[in-house]
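Right, one structure below, let's go through it.
No lab work stands behind these numbers, since they all come straight from the coordinates. The model shown is predicted, which means the values in this text are computed figures rather than measured ones.
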Amino acid sequence: MFMYLFDWQNERRPDIGASHGIETPFVLLNTDAVEVTRTALNAAATAKVVSAAWAAFALQGEPNTSQLPAWRPYDGKHRSTMILGKQARIVDDPASSDRLAWDEWAPTLDHGGPFKPWRLPHSRFV
């Protein structure tokens, strides 16, 4: 299992950043189809990196490509997360204060599984 956090922002529209589902045109290498990504300076370059990672994951079962730093599988100890945006980077346990706040609030949401993606806001499992 691999974790990512899509941390993209349209430089021409600083009020528009990563929101739910915004990574879809990047994954599909189709940023020209959506106005918010079509007008961005960095969308096409970011889309090439993101799309290559998804293709690698589909073909090999892991998203590592030569365009990214080494993407380690997610585990409960390191919580390695690929930050995808203007510059891709690996961060262990990003937004840990948010996760810990969810840990305090959400024990009633525990369904017994080892991974709790709702405790990592704005992140996705791949």
TODO: Please work out, to two decimal places, the log10 of the ratio I(q)/I(0) at q = 0.16, 0.17, 0.18 Å⁻¹ from a Debye calculation in which every Cα of region 10-106 carries one identical scatterer.
DONE: -0.78, -0.86, -0.93
Open item on the list: Can you work out the Karplus-derived ³J(HN,Hα) for every residue in region 30-45? Use 6.51 cos²θ - 1.76 cosθ + 1.60 with θ = phi - 60°, whole Hz, and x for glycine or proline.
Closed with: 9, 5, 6, 7, 10, 4, 5, 8, 4, 7, 7, 6, 9, 5, 4, 5
